[in-house]
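Novice: Just passing along the structure, written as structure tokens.
What follows draws every value from the coordinates through simple rules; no lab data is involved. Remember, it's a predicted structure, so these values are computed and weren't measured experimentally. No Cβ is skipped: glycine too gets one built from the backbone with ideal geometry, and neighbour counts run over all protein chains shown.
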Amino acid sequence: MIAAVQERLIEWYRMEARDLPWRRTRDPYQILLSEVMLQQTQVERVIPYYERFIARFPTVESLARASLAEVISLWGGLGYNRRAVYLWRAAREVMERYGGAIPKDRRELQRLPGIGRYTAGAVVCFAFGEPVAFWDTNIARVLTRIFLGHEARPTSRELDQLAESVLPPDRAYEWNQALMELGARVCLARRPRCGACPVRGLCRSVGTTGEPRRRSERFMGSRRYYRGRIIEALRGRWGGMRLDELGWAVREDYTPAHREWLERLVTDLAREGLVEAAEERGEYVVRLPGGGETADNCGGGKSEKVVGSG
Ligand code: SF4
């Protein structure tokens, strides 16, 4: 059965795969960038950001030499800006520790900031052609439904074993891409399209109605919403913004009573390296890291006082 699933899925992928920019390259930096951008973000949204990012930072060296402020600024709007910070830090480490060559070893890759087991596996497979298995939510759902049945709740270890046991070593690239493609377009979480599925005759979950809709957190007005608004407000403001000025920029109903709330948000963002907050002439000023300088001349030694810390 495993061989039949492999055949049908890879055949379907060859016929139906979307032409995505990161599928036209084997450059490990570009693959890494695409994988980081695709975390928790849909393909259609990622494409324009990916193309702009590659145009501005075509190599790991160009990214490492950029200011963090510019990197976050270019990333802004895609969301989950912490990813940009990690990627920039990873690029600098690749320059410092590996002479600019992204490591081919999965465990080495996992030592870089923000790169987990999934992303490391994807880079090793898609860029270097290594026969490795990896899974994220989508791949886990597809593998579970096909081979275990939709009611199964495998542990992470069991998923590792399953992914490895069904991987065709000589066609790892296509197999892993095909699993992702099926999870994104056919074997959807809530409404699987079994009628259009290339493995419907082999799948243990054919006809399943999918997972119930989870109650999602309201985005407008959420913490994540305001974190994004703060980054947006600071983009291009190299001189930074005073705390109250920032408050008025991110919410219309801002009053000094919101100051503590804003300080907490800024403090968290500063801890994560997404903003800098320092006292200047008796006022707290918040800005994107590096404040428009290049990474080469703003790293490390700059003293800063984080708002609200301690
Ligand atoms: S038959 Fe249905 S449940 Fe099985 S893999 Fe295809 S879409 Fe998913």
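Novice: Note down the net charge around ALA3, summing +1 for each Lys or Arg and -1 for each Asp or Glu among other residues with Cβ under 13 Å from its Cβ. Mind showing how you got there, number by number?
Specialist: On the way: positive: ARG8, ARG171; negative: GLU7, GLU11, ASP170.
Taking every Cβ under 13 Å from that of ALA3, the sum is -1.
Novice: Modelled label-to-label distance, SER222 and ASP27, 7 Å Cα→beta-carbon offset: nm?
Specialist: About 3.4 nm separates the two model spin labels.
Novice: Give the residue list of GluC sites (Glu not before Pro) in segment 235-276 that are DSSP loop and have at most 11 other beta-carbon atoms within 10 angstrom.
Specialist: Details: sites: GLU245, GLU252, GLU260, GLU263, GLU272, GLU276; in loops: GLU252, GLU272.
When the GluC sites (Glu not before Pro) of segment 235-276 are filtered for loop state and at most 11 Cβ neighbours within 10 Å, GLU252 remain.
Novice: Between ARG107 and ALA196, what's the calculated FRET efficiency when r is the beta-carbon distance and R0 is 41 Å? Round to 0.05.
Specialist: In this case the efficiency is close to 0.60.
Novice: Hey, can you grab everything whose amide H is under 5 Å from the amide H of ASP27? Only 5+ residues off in sequence or another chain; H modelled, so Pro and N-termini drop out.
Specialist: Result for ASP27 returns nothing.
Novice: Right, here's the next one. Work out from phi, with θ = phi - 60° and the Karplus expression 6.51 cos²θ - 1.76 cosθ + 1.60, the ³J(HN,Hα) of each residue of segment 102-116, listed in order in whole Hz, and give x for Gly and Pro.
Specialist: 5, x, 8, 8, 4, 5, 5, 4, 5, 7, 6, x, x, 9, x
Novice: Looking at TRP248, GLY228, VAL285, which one has the Cα that reaches farthest to the positive end of the dipole of segment 223-297 (charges on Cβ: Lys, Arg +1; Asp, Glu -1)?
Specialist: GLY228
Novice: What value, in deg cm²/dmol to 500, does the helix sum -39500 (n - 2.57) over DSSP H runs of n ≥ 4 give at 222 nm once divided by the residues of the chain? Mind dumping the intermediate values first?
Specialist: On the way: 14 runs with 152 residues, N = 310.
Computed mean residue ellipticity for the chain: -15000 deg cm²/dmol.
Novice: Hey, another quick one. Could you give the nm distance between label points at ALA3 and ARG56, where each point is 7 Å from its Cα heading toward the beta carbon?
Specialist: So the two model labels end up 5.1 nm from each other.
Novice: For the chain, build the convex hull from the C-alpha positions and give me its volume per residue in Å³. Before the final figure, lay out the partial values.
Specialist: On the way: hull volume 47.4 nm³, N = 310.
It is 153 Å³ per residue.
Novice: Now for a different question. Take every Cα pair under 8 Å in the chain that's 6+ residues apart, average their separations, divide by the length, and report that relative contact order as a whole percent.
Specialist: Working: 390 pairs, mean separation 59.7, N = 310.
Relative CO of the chain lands at 19 percent.
Novice: Which value, in debye to the nearest 20, describes the size of the charge dipole of segment 11-147 about its Cα centre when Lys and Arg Cβ atoms bear +1, Asp and Glu Cβ atoms bear -1, and nothing else is charged? Numbers along the way, then the final one.
Specialist: On the way: 21 positive and 15 negative charges, 49 e Å.
For this selection, approximately 240 debye.
Novice: Quick one: putting +1 on the C-beta of Lys and Arg, -1 on the C-beta of Asp and Glu, what dipole do you get for the chain around its Cα centre, in Debye to the nearest 20?
Specialist: Working: 50 positive and 41 negative charges, 179 e Å.
Dipole about the Cα centre, nearest 20: 860 debye.
Novice: Also, I was wondering about something else. Put a dot 7 Å past each Cα toward the Cβ at SER156 and ASP253; how far apart are the dots in nm?
Specialist: 4.0
Novice: For helix 28-38, report the angle its Cα long axis makes with the longest principal axis of the Cα atoms of the chain; keep it between 0 and 90° and round to the nearest 10°.
Specialist: Helix 28-38 and the main axis of the chain meet at about 80 degrees.
Novice: Under the Karplus relation 6.51 cos²θ - 1.76 cosθ + 1.60, θ = phi - 60°, what is the ordered set of whole-Hz ³J(HN,Hα) values for segment 252-267, x standing for Gly and Pro?
Specialist: Result, ordered by residue: 5, 8, 5, 9, x, 5, 8, 4, 4, 4, 5, 4, 5, 4, 5, 4 Hz.
Novice: Using θ = phi - 60° and the Karplus curve 6.51 cos²θ - 1.76 cosθ + 1.60, what whole-Hz ³J(HN,Hα) does each residue of segment 82-97 get, with Gly and Pro shown as x?
Specialist: Coupling constants for segment 82-97: 4, 4, 5, 5, 4, 4, 5, 5, 4, 4, 5, 5, 4, 5, 6, 9 Hz.
Novice: Label point 7 Å out from ARG97 along Cα-to-Cβ: which residues of segment 20-34 have amide N under 19 Å?
Specialist: Only 28-30, 32-33 pass the distance filter.
Novice: Follow-up question, since we're still on this one. Sequence gap at least 6, Cα distance under 8 Å: using those rules, report the relative contact order of segment 20-136 to the nearest whole percent. Kindly include the intermediate steps, with their values, before the conclusion.
Specialist: Working: 120 pairs, mean separation 31.9, N = 117.
That works out to 27 percent.
Novice: Just name one of ALA140, PRO169, VAL199: the one whose Cα is farthest towards the positive end of the charge dipole of the chain (beta-carbon charges, Lys/Arg +1, Asp/Glu -1).
Specialist: Result: VAL199, furthest along the dipole toward the positive end.
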